[in-house]
Each structure stands twice: as C-alpha cells, then as structure tokens.
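The values are calculated or read from the model by the stated rules, or taken from the named source; none is laboratory data. No experiment lies behind these values; they were computed from the predicted model shown. Here the Cβ positions follow ideal geometry from the backbone for every residue, glycine too, while neighbour counts run over all protein chains shown. Protein only, heavy atoms only, side chains kept; ligands, DNA and RNA dropped before computing areas. Shrake-Rupley method; radii C 1.70, N 1.55, O 1.52, S 1.80 Å.
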Amino acid sequence: MLNIPIKDHFRETRLYNARLTVVAAVVLVLILALFLRLAYLQVVSHRHFETLSQANRVKPLPIPPPRGLILDRHGFILAQNYPVYTLEIIPEQVDDMATLLEELKQVVSLNEADLRNFRKQMRERPRFENLLLRSHLTQEEAARVAVRRTYFSGVELEARLQRHYPLAGLGVHFLGYVARINEQELERIDKATYRGMQHIGKLGVELSYEKVLLGQVGFEKVETNAHGRSLRILERIAPVAGKNLQLNIDAKLQSLAEQALGKRRGAVIAMDPSTGGVLAFVSTPTYDPNPFVNGIAPDSYQALLNDPDKPLINRALNGQYAPGSTIKAFLGLAALEAGDFDASHPVTCPGWFTLPGSSHQFRDWKKGGHGIVDLHDAVVQSCDVYFYKLAVAMGVDAMKQFLAAFGFSQKTGVDLLNESEGLLPSVEWKEARGQKWYPGETVVTGIGQGPILVTPLQLAAATASLANQGVRPKPRLVHAIVDAKTGVAREPPTESFPPIALKNNQHLDIMIQNLTDVVHTNKGTAYGIGYNAPYKIAGKTGTAQVKSIAQGQAYSEKLTPERFRDHALFVSFAPVGSPKVAVAVIVENGGHGSSAAAPIARKVMDHVILGKASTIPGVARPVIENEE
Amino acid sequence: MDWQRLHLDKTLLFALLGLAVISLFVVYSGSAKDVNATLGHFMRLLLGFTVLVVVAQLRPEIIERWAPYVFIGGMLLLIAVLAIGVIGKGAQRWLNLGLFRFQPSELMKLAVPMMLAWFLARANLPPTLPRLAAAFFMMAVPAFMIMKQPDLGTALLVFSAGVFVLFLAGMHWRIILLLLAAIVIAAPFAWNYLHDYQRQRILTMFNPEADPLGTGYHTIQAMIAVGSGGIYGKGWLNSSQAHLDYLPESSTDFIFAVFAEEFGLIGSLLLVAIYTLIVARSLLIAYLAKDTFTRLLAGSLSLTFFLYFFVNIGMVTGILPIVGIPLPVMSYGGTSIVTIMATFGILMSIQTHRKIAE
C-alpha cells in the first residue's frame, strides 16, 4: 500500500463528524415518527381497531328456529319438521367451485337437479350464506362428508329441520307448503328476520300464517378464524320456536270428503255455521306438496301444470263457478222480501218462459213444466220459470244488491290470502265493459246462470248465514295459535258480518222449511239423500251449464263430452233447528247436483253430526226424478 | 468482569440479550405456542451470539484486510445462486450446504459496506468522482443481483449499506442532490421494472382499504393487531389476530404486530427504546472510531441496523410498503440473526480494540 497519499486527518474527522451528526438527527426524527405512529394506532385509534379486531374474531351465526307445527282439530299432525342432514356450501370460502363439486361427487351422490338448484341459489342468495347443495343425506353419506370435513374448505354438514307434510296431498290447498325463498321474496322480506333460513310459506295456511309459524331466529356468537372455521361459542341467544297452529279442520273429515270426490274435479267446504270454523276444505285433485319444499324437479312441475285436471288450482278458494239453482236458496228469500214480487200468488209453469216481445224461449229443466207452483214448490222442485219471473220482477240490480248481503262478489274474510271474489253482474258492470245489458241476462241470473260467479267458499259461507239467523261468519281455518313451549293457546276471535236485514224474520224460517222440504219431501230434488237421513237437512241442488245449448236442442249427458257436462252443486246445512255444519259441494262436469253433489254433502254431514255414516234402517230408496 | 478484555461491549450485549429474551416469548406466542419453533429460534440466537463473540475477537485490521476477499467470495456465491436459479427455473436465494442453507445475500449485507469502507479508506476523503463511480458499481452490482433473486428487501438493505458508506465518506452534497434528481427522473422507468406484486405493495401503502381482501389485507390486519393492543395490550398469548390466523407471517416479518397487540403501547415503546439504544450505542462507537475504515464501517452498520428495524416496524404500522424485511433479532427464522450478530461482533471489535490499542 505504498501509493496511499498522506491523509488530512483533521479534515476527514471534521467531515465525518458532520455527516454523522446529520444521520443521527435523521435517525432521531424517524424514531420520533415511529413513536407518534404507535401512539396514534394504539391510543387515538385504539377503539376503532378494537372494534375491527372484535369483528374479525366474533361472527354471529344464525340459528334458525323450528317452524310451528300445523295440527288438525284433534291433534293430527298436518305439517311437521324432521331433522335431515344437509350438505351446504359457503361459496366465499371455496377457491375452485368446479373442482370442489367434482370432489364432492365422489363422496355423496349429486344429481343434475341438485346442481341446478345450487347454481340458482348462487345467483340469488346473498353473500356469506350457506347454500344448500343436497339435503336428506343418508347416514353413510353424512359420515363420509364428516371424516373429510377438514379437507373440504367452505363445506358444511348440517342437521337441519326439514318441513314435511305427513299426509302428503291431503288438504294441500288449505295447508299450502313452504319452499325455498326466491329472488322476489328476498327483496320483500326483512333479511334479518330470515337470517339462516332457507324456506318461506308459499301458499295456504303456511303463507297466510307465515309470521306466526316462523318464530325468531337465534344467534350464536362464534369465535372464527381467518378461514371462517368456528372455534368456540362465546354467547348463545336461543331461537324462539314458531307457534303451532291448531286448525278447525278435521283431517278425517277432510280425507272422507276427498275420497268422496274421488277422481272427479271439485270442491267441498264444510264449516261450523255459528263460528265459521272450516271443518273440511277440499279441492280435487290434490297433489303432494313435499317435493316443492326443496325445489320440485322441472319435469314434475311441468306435469302438474299441464295436467288437464289442473291440480294446482285451489278450486275451493279460487274456483269461480255459476251457482246454478243453488242461488234459489237465497233468491227464494228475496221473493218473500222483495216488494215487486208477490210470493203469495202461485205461478203457472208451462216448461218455458218468454220475455214480452221476444220469441226466445227460456226453458225449464223439466219438459212440460211444473204446472201451478208457489214459492215452496218452486224451491222444492227447483222450478226455473218461477225464478225467471222473479228475476224479471226484481231486475238485475236489485238481485245483485240482495245477493251481495250474503257475501257474494266479496271476499269471505277467510284467514287465507288470495281468495277470489266471484262476480255479481249488474247493468253498470256490463256497461263499464262497453257492452249492453240484455233483459235475457236478467232472466238467466234468476237461476244462477249467465255471468254470475261464486266460489265454493262463498257458497258455504252464504249457506251458513241461512243457518245462523242471517249472521254470516268469516270462515276460519285456524282455531288456536299455541305457544309450543308454554302450551298457552290463543284463539283468534270468531268474526262475522252484520246480520242480513230482513223485513220479517219469519221469512228466513219459511225459506229454511222450503229448503228442508227439498231434502225430505218426495218431490224434493235432494230427496235421494234425505229419505233415509236420521236428522233434518236443509239444502238446495244446483246444476250449472258449462256449454250453452242451442234453441230447440235438448241437453243429453251421454252425448256431451265429459268436459262440457254440467257442474253439479249442492248447498246444505244440518241439523235443521240446531245447525252444526254447513256444506257446499261442487263437482265439475259431475252432471246433476242431486246425484253427484248431494251424496257427498250427506257423507260430510253424517261424519260431523253422527260421527259415522248412518241411515234410518228399512227405508227403501224411492224413485227419484233426475232434476234440472 | 472485565468486558473490555473479553472484547465485548456491555451496553450492546445486554440490550441484545434483552431483545433475545423478549423474542423467545413473542416467537412462542406468534407461532401459536410452537415449542419447536421457539427452540429453533433459541438455537439460532445461540449461534448468533457465538458468532458475535468470535467476530468481536478479530482485530479491526484483520477485518479490513479480509474485506476484499469476503466481498469477492460473496460475489462468487451470488453468481452461483443465480446460476442454480436459472438452471432450476425458479427463484433461488440460498445455497444448500447440506447441514444448513446459506443465503449469500445475507453475507453481502456485511461484505458490501466492508468492501466500500476498505476501498474508500485507500484514498483521501471526500472520494473523487471516479472512485465514487467505482464504489457505486461495487454496491449496485450485488444489489441488482439480489433483486433478481428476487429479494427486494435484502437488495435495498445491501444497497443502503453502500449508500451509508458513501454518505459518511463525505460524498459531495452536489452529487447527492444530482443523484436524488436522477432517481426522481428514473423512478417511472424503475416502476416498469418492478414485479406486479411489488408495485401493488407500494400502491397499497398509500391506500390499504382499496383492496382489503387482496394486497391491503396484510397491512390492515397488522394495523388492527397493533391498534387493538391499546395502551396496556391484551396480555401475553392473547393476540387474537395472530392466533386466529388473521395476521400473516405472525412469527416472522409481522412479529412486531403480535408484540404490540399483546403488550400495548407501553411494550412497543419499550421495544423501540431498546432498538434506539442499540442504534445510539452503535453510532457512538462509529463516532469514537479512530481510522477511516472502522469509522465508515461502524457508521454504515449502525445505520443499516436502524434501517432494518425502522422499515419493519414502519411496514407493520402501515407507514411503509410491505417489503420482506424481518425485525432484527425478534423475527423467527432465516439466516439474518447470524448476520446481525456478526454486525455487532464487528462493532464490538471496533470499540474494544481501539481502547486496548490506546
């Protein structure tokens, strides 16, 4: 190192010390900055970060409450919950969904419907919710998933309560069902209320009493790690079970009525006339609601939709039918009440009726006519000409007003959502649609034909009001709301409409006598069910035309295709004097009310009044004229 | 005890031992009570202190004489690592020496300042422009090679160690300003040269909330850990951020977050104070050093150590971008503990041999 120049030590030291001072100052400033930063994070923003740390650590996990049970009046279970193993996915915790699904396929069986349902939920459900991939895992499948649990990220094996309808299709139209919450419902519902829940009432009681059945979601505050895995429960707020519903429905009666209708399309309503309690609410054909709970397969759903018998339609609630001659049970009272018509004078029935200045013949169902008939005979024999004349005398608007008092063309107030209102035509109604009201339409309205429409539920409620001194109760499916835990039952009060104002209350008694004679006298159109009945029934048959018959042509049941045959109707209550049940029956394309509908009503009444089918022994079946 | 005769500096030694003891507790907590990891950390500390004691015995003249050879040896090893990396088609930072894996880049943290101090001490200070240029190449080439590994953190430290030497050597302010201007101009080009993840990290520093589950995640979780510690902390072993896996690298690069969460502001200030004490003592040694080589080396090593802990805590507290620089002595793993301890061995050697020589 010979070439090292002589150093200027003094100058070097001065320079070095100056530089060292600079860096020491910088170091000092930077360390002060660190101190300030730490104080800022740990003192000033402490609360903010403390909250974030808690939010990181503690996640509230919803615990869905068990849905309330639905029972019939005797405690038979109509809707229940049972535990099933479900395989659920939290998509946010899955890195590669396609691979995961492939791997899961090795462990549990997944069919196309499961995958399609899952993808649908992926589109519709909010983030960080469990999505159902498959339910009803077998014990073996559940075990296979359980042992691989740590291997799969974002996969949860849960024991969930699943809604189940043990009686399958029985009463499906009033019971309804629950199914997966869909996109529209998701927008409507309060998401906090439905945290952790995947089902919602879609129809019937399940829909109408959703709030009562639902219960309150519980929460577990769970410490979770960064991978979303729960480590321990910090706090638990138990869910509150939904309330049980005890219905007025008698499942045995419901079953009996459904069987009585058999394969025919129709509806039966049986209700307690004093309380409005619905004992049977039948619409046939029925269908099994259970497949709907977790999403029905599209082809099964298409099959239901395309079924010509339209099982999905709730005929009892939404079926709108011409009442036919059953309307005479109510218009007969109008004959007594109305000022324009003198019910004390008999009418001659030649078998047809014409309006003045018209040659169009309105036929009576009985060729050759009923001869000279008074109101009693007209009701008992269901004379059409008598009611044609009544209708013309009253006019359509007065008829509408009178019938509206029985609840026609209005909601019955039943505790089910989406009921139909039916229709009472009027001049105004027709003109509002830009058409002219023809006098002929007034004539046919008198026998429950033409544009007039009623629902089976309306018919039953109106009939109940006849039985109940003119007081029409609101039909009630639910008898009591029962707290599952305490057993405390709350009975919603029975409600009714104001009594029908009559000029003379005896008129109602006269009319009830007439209706009783329909069933119990040998000229009565429903004598076929009355001749051997051990109790008194008041009733009225009806046959509603489906296809109009050309002038001069006769209706022949045999020659008419099944779908164009007349609808058979029957309204009744019993026992006369202390009525326990009012019944309305409609059998679509059933033919005659007397032969198709009345026997069903009789079976229903037997069950309610006697507890079993019964007849007076030793009474021979009379020859009965097929009415109307 | 005569520390001077043992060639140990009492202040530095006890401060480092204090850090070492604290680090064992924090590594235990940060590694989720992993006894093996804690034991491993203990063994590294033991090795580190052994290296410290051994290096402290070397006279500064020997260190000065070895400087060029250590530098050349380090460069050869870096080339070897790069070559193996190219052949192995992947990032490569270490050489597998059978018993343990050795990172040549760690060696360069010492070799570069040693080489520059040796080189600049061969002539009068301040250095002339050609000598500065030569010195610049001596630090830029290894730094560039380390960056290619890629190990941006170590590359920055190595480069910084060189810059500190140049600065202390009295590089003219005019040149410093010129270089700063050049950096500002070159920055956009350098930006293009960075890996995507490196760019993201720098962007994230300015706004971690922009991508809370992506690149901002580490910063946010670390800040949550530090901030939720409050003044008194959650207590040892109670770092929920680390134990529930929210905090990444909780026993290595982000160990300060665990410490701050468990021991609060009081603990963090104490820890920063210990580091400050070490830096202050090291700068004092640099100040007291008598010849050019030891002055430049001691100054550079002190400042590199400061940079080390400042960058790490700055990154954990969200004021600096995330670069993979561990907290010296505290962080678990890697060969860095040995290098750090060797640094203090050199500083102690400079301190103690000077006084004996007097």
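Keeping all protein chains in the complex and leaving out DNA, RNA and ligands, what accessible area do you get for A:ILE89 with a 1.4 Å probe, in Å² to the nearest 10?
The accessible area of A:ILE89 comes to roughly 0 Å².
Looking only at other chains, what is the average number of their beta-carbon atoms within 10 angstrom of each beta-carbon in B:163-174? List each step's numbers first, then the result.
On the way: counts 0, 2, 0, 0, 4, 8, 4, 7, 1, 0, 0, 0.
Mean inter-chain Cβ contacts per residue within 10 Å come to 2.
Roll a 1.4 Å probe over the protein chains and send me the accessible area per residue for chain A in Å².
Details: 28630 Å² over 628 residues.
In whole numbers, chain A has 46 Å² accessible per residue.
Round to the nearest 0.05 the FRET efficiency obtained for A:VAL94 and B:HIS195 when R0 = 35 Å and r is the Cβ-Cβ distance.
Values: r = 28 Å, r/R0 = 0.80.
With R0 = 35 Å, the Cβ-Cβ based efficiency is 0.80.
Using a 10 Å cut-off on Cβ to Cβ distances, tally the other chain neighbours for every residue of A:51-64 and report the average as a whole number. The partial results should precede the final answer.
On the way: counts 3, 9, 13, 3, 1, 10, 6, 1, 0, 0, 0, 0, 0, 0.
Taking the mean over all residues of the peptide, I get 3.
Per residue of A:11-20, count partner chain C-beta atoms within 10 Å of its C-beta, then hand back the mean as an integer. Numbers along the way, then the final one.
Numbers: counts 4, 9, 4, 1, 5, 12, 3, 2, 11, 11.
Taking all residues of A:11-20 together, the mean is 6.
Can you give me the relative contact order of chain B as a percent, contacts being Cα pairs under 8 Å and 6 or more apart? Intermediate values should be presented prior to the final figure.
Working: 526 pairs, mean separation 102.9, N = 358.
Reported as a whole number, the value is 29 percent.
What 222 nm value per residue comes from the helices of chain B, counting each DSSP H run with n ≥ 4 as -39,500 (n - 2.57) and dividing by all residues, nearest 500 deg cm²/dmol? Intermediate results must be reported in sequence, preceding the final value.
On the way: 13 runs with 257 residues, N = 358.
Taking each H run of at least 4 residues, the total per residue is -24500 deg cm²/dmol.
Sort A:ARG490, A:ARG123, A:ARG476 by accessible area with a 1.4 Å probe, largest first. Numbers along the way, then the final one.
Working: A:ARG490 140, A:ARG123 170, A:ARG476 25 Å².
Solvent-accessible surface, decreasing: A:ARG123, A:ARG490, A:ARG476.
Run the accessible area of the stretch B:66-329 with a 1.4 Å probe and give the carbon-and-sulfur part as a rounded percent. List each step's numbers first, then the result.
Values: 7930 of 10880 Å².
About 73 percent, which is the carbon plus sulfur part of the accessible surface.
Taking a probe of 1.4 angstrom, what is the accessible area of A:GLU112 in Å², to the nearest 10?
Answer for A:GLU112: close to 110 Å² accessible.
Quick one: compute the contact order of the stretch A:429-523, relative version, from alpha carbon pairs under 8 angstrom and 6+ residues apart, as a percent.
Details: 61 pairs, mean separation 17.5, N = 95.
Reported relative contact order: 18 percent.
Amide H to amide H, which residues 5 or more places from A:VAL482 or on other chains are under 5 Å from it, using H placed in the peptide plane?
When sequence neighbours closer than 5 places are left aside, the close amide H contacts are A:ASN244, A:LEU245, A:GLN246, A:ARG490.
Rounded, prolate or oblate: pick one for chain B, where a ≥ b ≥ c are the square roots of the eigenvalues of its C-alpha gyration tensor, a/c under 1.5 means rounded, and failing that, prolate if a/b is larger than b/c, else oblate.
oblate
Given R₀ = 56 Å, what would the calculated FRET efficiency be for B:TRP3 paired with A:ASP190, taking r from the Cβ atoms and rounding to 0.05?
Working: r = 74 Å, r/R0 = 1.31.
Result of the calculation: an efficiency of 0.15.
Order the following by accessible area, largest value first: B:TYR275, A:TYR531, B:TYR69. Probe radius 1.4 Å; ligands, DNA and RNA are ignored.
Numbers: B:TYR275 0, A:TYR531 35, B:TYR69 160 Å².
So, going from the largest accessible area down, we get B:TYR69, A:TYR531, B:TYR275.
Can you give the calculated 222 nm mean residue ellipticity of chain A, where each DSSP H run of n ≥ 4 adds -39,500 (n - 2.57) and the sum is split over every residue, rounded to the nearest 500 deg cm²/dmol? All intermediate terms of the calculation are to be shown ahead of the outcome.
Details: 23 runs with 217 residues, N = 628.
The per-residue figure over chain A is -10000 deg cm²/dmol.
What ranking do A:462-471, A:113-122 get when scored by the average of other Cβ atoms within 10 Å per residue, highest first? Kindly include the intermediate steps, with their values, before the conclusion.
Details: A:462-471: 23.8, A:113-122: 16.5.
The peptides rank, most packed first, as A:462-471, A:113-122.
Arrange the peptides A:281-291, A:407-417, A:324-334 so that the one whose residues have, on average, the most other Cβ atoms within 10 Å appears first. Spell out each step's value before the answer.
Details: A:281-291: 22.7, A:407-417: 21.1, A:324-334: 28.0.
Packing order, densest peptide first, comes out as A:324-334, A:281-291, A:407-417.
Going down the list A:LYS474/A:LYS503; A:LYS389/A:LYS436; A:LYS411/A:LYS523; A:LYS400/A:LYS536; A:LYS389/A:LYS540, which pairs span over 28 Å between their C-alpha atoms? Kindly include the intermediate steps, with their values, before the conclusion.
Working: A:LYS474/A:LYS503 24 Å; A:LYS389/A:LYS436 21 Å; A:LYS411/A:LYS523 35 Å; A:LYS400/A:LYS536 30 Å; A:LYS389/A:LYS540 19 Å.
Where the Cα-Cα span goes over 28 Å, the pairs concerned are A:LYS411/A:LYS523; A:LYS400/A:LYS536.
Would you mind giving the total buried accessible surface between chains B and A, with a 1.4 Å probe and ligands, DNA and RNA left out, rounded to the nearest 100 Å²? All intermediate terms of the calculation are to be shown ahead of the outcome.
Numbers: alone 17060 and 30870 Å², together 43660 Å².
Buried area (both sides, nearest 100 Å²): 4300 Å².
Straight distance only, please: which aspartates and glutamates reach the Cα of A:LYS603 with their own Cα at less than 15 Å, same-chain residues fewer than 8 apart left out?
A:ASP250, A:GLU258
Given a 1.4 Å probe, show me the residues in the stretch B:229-267 buried by at least 50 Å² of accessible surface when comparing the whole protein assembly to the chain alone.
B:LEU244, B:TYR246, B:LEU265
Would you work out what percent of the accessible area of the stretch A:134-215, with all protein chains in place, is carbon or sulfur (probe 1.4 Å)? Don't skip to the answer; put the middle values down first.
Values: 1960 of 3750 Å².
Ligands and nucleic acids excluded, carbon and sulfur reach 52 percent.
Select from the stretch A:25-41 all residues whose loss of accessible area on going from the chain by itself to the full protein assembly reaches 50 Å² or more (probe 1.4 Å).
With the partner chains in place, the stretch A:25-41 has these residues losing at least 50 Å²: A:VAL27, A:LEU30, A:ILE31, A:LEU34, A:PHE35, A:ARG37, A:LEU38, A:LEU41.
Pop out a list of residues from the stretch B:305-332 that are at least 30 Å² less accessible with all the protein chains around than in their chain alone; 1.4 Å probe, no ligands or nucleic acids counted.
So the qualifying set is B:PHE306, B:PHE310, B:THR317, B:ILE319.
If you plug each phi of the stretch A:397-404 into the Karplus form 6.51 cos²θ - 1.76 cosθ + 1.60 with θ = phi - 60°, what whole-Hz ³J(HN,Hα) values come out, in order, with x for Gly and Pro?
Values, residue by residue: 5, 5, 5, 4, 4, 5, 6, 4 Hz.
For the stretch B:66-329, with every protein chain kept in place, what is the accessible area per residue (1.4 Å probe, Å²)?
Details: 10880 Å² over 264 residues.
Ligands and nucleic acids excluded, the result is 41 Å² per residue.
In whole Hz, what ³J(HN,Hα) sequence does the stretch A:33-43 give by Karplus (6.51, -1.76, 1.60; θ = phi - 60°), x for Gly and Pro?
Once θ is set to phi - 60°, the couplings for the stretch A:33-43 become 4, 4, 4, 5, 4, 5, 5, 4, 5, 8, 10 Hz.
Give me, ordered by chain and number, the residues 5 or more places off A:LEU279 or on other chains with an amide H under 5 Å from its own placed amide H.
A:ALA270, A:MET271, A:ASP272
Per the Kirkwood treatment, what hydrodynamic radius in Å, one decimal, follows for chain A from the mean inverse distance over all distinct Cα pairs? Intermediate results must be reported in sequence, preceding the final value.
Details: mean 1/r = 0.0345 Å⁻¹.
Hydrodynamic radius (Kirkwood, Cα pairs) of chain A is 29.0 Å.
Which semi-axes, in whole Å and largest first, does the equivalent ellipsoid of the stretch A:64-247 have when worked out from the alpha carbon gyration tensor as the square roots of 5 times its eigenvalues? Don't jump to the answer; show the numbers that get you there.
Values: eigenvalues 176, 73, 53 Å².
Computed over the stretch A:64-247, the values are 30, 19, 16 Å.
Based on alpha-carbon centroids, what's the gap between the stretch A:180-210 and the stretch B:294-352 in Å, whole number please?
If you average the Cα positions of each part, the centres end up 61 Å apart.
In percent, what relative contact order does chain A have, based on Cα pairs under 8 Å that are 6 or more apart in sequence?
Values: 1278 pairs, mean separation 84.0, N = 628.
Relative CO of chain A lands at 13 percent.
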